1. Please determine whether any residue of the stretch 276-285 is free of Cβ contacts under 8 Å to residues at least 24 places away in the same chain, under 29 Å from MET394 (Cα atoms) and crowded, with 17+ Cβ neighbours inside 10 Å.
2. Applying the selection to the stretch 66-96, what residues are in contact with a helix residue (DSSP H, G or I) (Cβ under 8 Å, 6 or more places away or on another chain), of a type outside the set (A, V, I, L, M, F, W, C) and within 29 Å of ASN238 (Cβ to Cβ)?
3. I'm told ALA17 meets every condition in (1) at pLDDT below 95; (2) surrounded by 15 or more Cβ atoms within 10 Å (Cβ to Cβ); (3) of a type in the set (A, V, I, L, M, F, W, C) except one. Can you identify the failing condition by its number?
4. Is it fair to say ALA142 is assigned to a helix (DSSP H, G or I) and farther than 19 Å from LYS253 by Cα?
5. Just need a number here: residues in the stretch 170-208 that are outside any strand (DSSP E or B) and farther than 21 Å from GLN271 by Cα.
6. Quick check on the stretch 365-388. Is at least one of its residues over 20 Å from the mean Cα position of the chain (by Cα) and outside the structural domain of ARG258 (by TED's automatic domain parsing)?
7. Could you grab me the full set of residues in the stretch 98-108 that are more than 20 Å from TRP201 (Cβ to Cβ) and either over 21 Å from the mean Cα position of the chain (by Cα) or of a type in the set (Gly, Ala, Ser) (or both)?
8. Considering the stretch 82-136 alone, what residues qualify as being part of a helix (DSSP H, G or I), surrounded by 24 or more Cβ atoms within 10 Å (Cβ to Cβ) and charged (D, E, K, R)?
Amino acid sequence: MIDVMQRRQFLVAASAAASQAWAGANDRVRLAIIGVGSRGSAHIKEILPVANVEIGAVVDVDGRRTEAAASTIFQKTGKRPKIETDMRRVFEDKSIDAVTIATTNHWHTLTAVWAMQAGKDVYVEKPVSHNIFEGIKLVECARKYNRIACGGTQRRWWGRWRKAVEMIHNGAIGDIYQSNFFFPGHRDSIGFKEPKEPPAWLNWDLWVGPAPMQPYHENLVHYNWHWFWDFGNGELGNNGIHLLDVCRWAMGKRLPVRVQCTGGRFGYKDQAQTPNTQNVTWVYEDGSMMVGQLRGLYTAEPMSWDFFGSKGHMHMMADGRFQITMGRNKSPEPEPECPPNLSHFGNFADAIRARDPKLLHAEIEETALSTAHCHLGNIAYRLNRELRFDPARMQFRNDAEADKMITRDYRKPYVVPEQV
C-alpha cells in the first residue's frame with residue numbers, strides 16, 4: 001500500500017510528468033480499462049476499432065476477467081496488454097494517457113479522482129458517483145487538474161437522440177413543461193446467499209474498497225451488487241440514469257428544488273435492498289418537472305420518453321425513433337432525417353488530443369448532474385417523504401437527516417477526499 005503522504009507526493013509529480021509527456025507525444029492515445037466485466041468488455045469491443053487508440057492495460061480484482069480481456073485484445077491486435085489487479089499500478093505507468101472506468105458504482109469516483117490526480121484523463125461509466133458529494137468532488141478534480149473527463153451516458157452520441165434534442169431546443173414543440181420516461185427492468189428475485197469465504201480469484205478488500213467491510217456472499221459478485229445500497233444505486237442509478245439524462249438534456253435543466261419518490265420491492269422477498277419499482281418526480285424552480293417510472297416486474301410496455309411542450313408532444317421509442325404531434329392533431333409529423341451515430345470513445349480520444357473538454361458530448365459535469373438526480377430520488381425513497389433541495393448550496397433545505405445521505409463514511413484508505 002502507498003501511505004497517504006507518499007501517494008500525494010507521487011500524484012503531484014506524476015501529474016506534472018504526464019502533462020509534459022503529452023506535449024511531445026504523437027496522436028496515439030493509450031488507454032487502461034479499469035473493470036472488465038460486462039461494461040468493461042463492451043468498452044474493449046468499442047475501443048478496438050477506433051483509429052490510433054491502443055489498450056495498454058486491463059485491471060480487475062477478478063483475475064479470471066483480466067486474463068479473458070487480455071486474450072481478446074491480443075487476438076484482435078497482436079499486442080498483449082499489461083494485466084493488473086490494483087488500479088494504482090496503472091496510475092504509476094507514465095505510458096498510459098487515460099483510463100476508462102467500468103468498476104462497481106461505489107468505486108467510480110475514487111478511481112477517477114486517483115487517475116486525474118496522477119495526470120490521466122478519464123471516461124467514467126454511469127452513474128459517475130455513488131453519492132452527491134462524490135459528484136461534486138469529481139467535477140472539482142477535473143477542473144483542478146485540467147483533465148478531459150467524460151461520463152458514460154452514450155445516447156448523447158447517437159444520431160436520433162441528438163436530432164430529437166436539437167429539435168426540442170429549437171422550439172419544435174414549444175416550451176417544455178414536463179418530460180416523462182419509462183423503464184421496464186424485468187428483474188427476477190435474486191434469492192438469498194449465505195456468507196462464505198471469498199474465492200481465491202477475488203481480492204475482496206479491493207472489491208469492497210470505500211464501502212464498509214462485510215462478509216462476502218455470491219449476491220454481491222458480480223452483478224447483483226446493484227441492489228445493495230453500500231455498492232449500487234438501484235435501477236434508478238443503473239438504467240434510469242440513461243433515460244433521465246436524455247430528459248434533462250432536452251429540458252436544459254440542472255438540478256431540481258423538490259423531489260418525490262414512491263415505490264418498493266414487490267412480488268417477492270429476497271436479499272436485495274433497493275426497490276424494484278419506483279415513481280419519481282423532480283420539480284424545478286420554474287415549476288416544470290421530470291417524471292420517471294421504473295418497473296422491475298412484468299410488463300409488455302416498452303421503454304419510452306415523452307416530452308410535453310406548449311405547442312405539441314414528442315414521443316420517443318427505445319430505438320430512438322420519435323414522433324411529434326402538434327396541437328390537437330392526431331396524426332404525427334413526418335420523422336426527419338437523423339445524423340449517424342458517433343463513436344463515444346472516438347470523441348473521447350479527439351478531446352484528449354485537442355486538450356479541449358468542450359469537444360465532449362457528455363462532459364463529466366453533465367453526467368454528474370444527471371447522476372445527482374438518481375441520488376436525490378433514492379434519498380426521497382429511503383426517507384419516504386418529499387424533499388426540498390437547494391442547488392446553490394448542494395444541500396437539502398432545513399433537513400439534517402437528508403443531508404447525512406449526501407455523503408457516506410469511507411473505509412480507509414479508500415477515501416474520496418474533501419480536498420481533491
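1. yes
2. Matches in the stretch 66-96: THR72, PRO81, GLU84, THR85, ASP86, ARG88.
3. (2)
4. So ALA142 passes the test.
5. Here is the first cut: in the stretch 170-208, the residues outside any strand (DSSP E or B) are 170-175, 185-195, 197-201, 203-208.
From what's left, farther than 21 Å from GLN271 by Cα: 170-175, 200-201, 203, 205-206.
Going through the stretch 170-208 one residue at a time, the tally reaches 11.
6. Scanning the stretch 365-388 turns up no residue that is over 20 Å from the mean Cα position of the chain (by Cα) and outside the structural domain of ARG258 (by TED's automatic domain parsing).
7. ALA98
8. GLU134
The values are calculated or read from the model by the stated rules, or taken from the named source; none is laboratory data. Owing to the predicted nature of the structure, the values given are computational and were not obtained by experimental measurement. Heads up, the Cβs are rebuilt from the backbone with ideal geometry, glycines too, and the neighbour counts pull from every protein chain shown.
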